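Asker: Got a structure for you, written out below as structure tokens; questions coming shortly.
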């Protein structure tokens, strides 16, 4: 035990300084929240599904909930049931054992539903591809609205993908000037 205490004393505090929160970032966060409420009329709820990933993408998705990104403050939250979700966030190549579970989760999600594939494995099967054990990309099993590439993608890229998918789901009449 004394060895560990000596090592801690020698190393000192090894953390980084807290990043500064700029007014520009605060205004961007308010704009994102306003966009989500304008498009959906309520908070965005997401059901995250790990279809067979290495958990690299999950670590980045979990980072979205930390105080730095704070997506819950933007009106985006994760839910445990697909019946309460507006969007499915799917990671990993779909393993054969997860194929039926992913289809059932997709069917249980109420319409209009969005599906975002996250990471290289979710987008194109990654190093696993299609085999006896893997169905490959998520779009081989369920329809995908947007793919966020990267191995793993940064939290900000995942957030961009989520917001892009939400903006694409806007009804066409709202895209017209003065639309109703």
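The values are calculated or read from the model by the stated rules, or taken from the named source; none is laboratory data. Note that the coordinates shown come from a computational prediction; the quantities given were computed from them, not determined experimentally. No Cβ is skipped: glycine too gets one built from the backbone with ideal geometry, and neighbour counts run over all protein chains shown.
Asker: From the list 139, 134, exactly one residue is surrounded by fewer than 20 Cβ atoms within 10 Å (Cβ to Cβ) and farther than 20 Å from residue 59 by Cα. Which is it?
Answerer: Values: 134 fails: surrounded by fewer than 20 Cβ atoms within 10 Å (Cβ to Cβ).
It is 139.
Asker: Sort out for me the strands (runs of 3 or more DSSP E) sitting completely within the range 98-180 that have 1 or more residues that are within 17 Å of the chain's Cα centre (by Cα) and at pLDDT 90 or above. Quick ask: steps written out before the conclusion?
Answerer: Numbers: elements: 114-118, 134-136, 146-148.
The strands (runs of 3 or more DSSP E) meeting that bar are 114-118, 146-148.
Asker: Please go through the range 102-129 and give me each residue that is farther than 24 Å from residue 156 by Cα and either buried (at least 18 other Cβ atoms within 10 Å of the Cβ) or in contact (Cβ under 8 Å) with a residue 24 or more places away in the chain (or both), ordered by number.
Answerer: Taking the range 102-129 first, the residues farther than 24 Å from residue 156 by Cα are 102-112, 128-129.
If the condition is that a residue be farther than 24 Å from residue 156 by Cα and either buried (at least 18 other Cβ atoms within 10 Å of the Cβ) or in contact (Cβ under 8 Å) with a residue 24 or more places away in the chain (or both), then 102, 103, 105, 106, 108, 109, 110, 112, 128, 129 are the ones that fit.
Asker: Report, by residue number, each residue of the range 47-56 that is within 17 Å of residue 82 (Cβ to Cβ) and crowded, with 21+ Cβ neighbours inside 10 Å. Give the derivation first.
Answerer: Looking only at the range 47-56, we keep the residues that are within 17 Å of residue 82 (Cβ to Cβ), and these are 47-51.
Within the range 47-56, 47, 49, 51 meet the criteria.
Asker: May I pose another question? Please go through the range 1-25 and pick out each residue that is surrounded by 10 or more Cβ atoms within 10 Å (Cβ to Cβ) and either in contact with a strand residue (DSSP E or B) (Cβ under 8 Å, 6 or more places away or on another chain) or at pLDDT below 70 (or both).
Answerer: Of the residues in the range 1-25, the ones surrounded by 10 or more Cβ atoms within 10 Å (Cβ to Cβ) are 6, 8, 21, 25.
The answer is 21, 25.
Asker: I would also like to ask the following. Just the residues that are part of a helix (DSSP H, G or I) and either free of Cβ contacts under 8 Å to residues at least 24 places away in the same chain or more than 13 Å from the chain's Cα centre (by Cα) (or both), please, taken from the range 40-88.
Answerer: Initially, the range 40-88 is screened for residues part of a helix (DSSP H, G or I), giving 40, 56-63, 71-74, 82-84.
Passing the criteria: 40, 62, 72, 73, 74, 82, 83, 84.
Asker: Restrict the check to the range 62-81 and report whether at least one residue is modelled with pLDDT of 80 or more, in contact with a strand residue (DSSP E or B) (Cβ under 6 Å, 6 or more places away or on another chain) and within 21 Å of residue 140 (Cβ to Cβ).
Answerer: No, every residue in the range 62-81 fails to be modelled with pLDDT of 80 or more, in contact with a strand residue (DSSP E or B) (Cβ under 6 Å, 6 or more places away or on another chain) and within 21 Å of residue 140 (Cβ to Cβ).
Asker: With (1) touching a strand residue (DSSP E or B) at 6+ places or on another chain (Cβ under 7 Å); (2) under 28 Å from residue 41 (Cα atoms); (3) in contact (Cβ under 8 Å) with a residue 24 or more places away in the chain as the list, and residue 157 as the residue in question, which single condition is left unmet?
Answerer: Only one criterion is unmet by residue 157, namely (3).
Asker: I would also like to ask the following. Give the number of residues within the range 30-59 that are touching a strand residue (DSSP E or B) at 6+ places or on another chain (Cβ under 8 Å) and farther than 18 Å from residue 168 by Cα.
Answerer: Start the filter on the range 30-59 by keeping residues that are touching a strand residue (DSSP E or B) at 6+ places or on another chain (Cβ under 8 Å), which leaves 36, 43-53, 57-58.
Now drop any that are not farther than 18 Å from residue 168 by Cα, which leaves 47-53, 57-58.
Count: 9.
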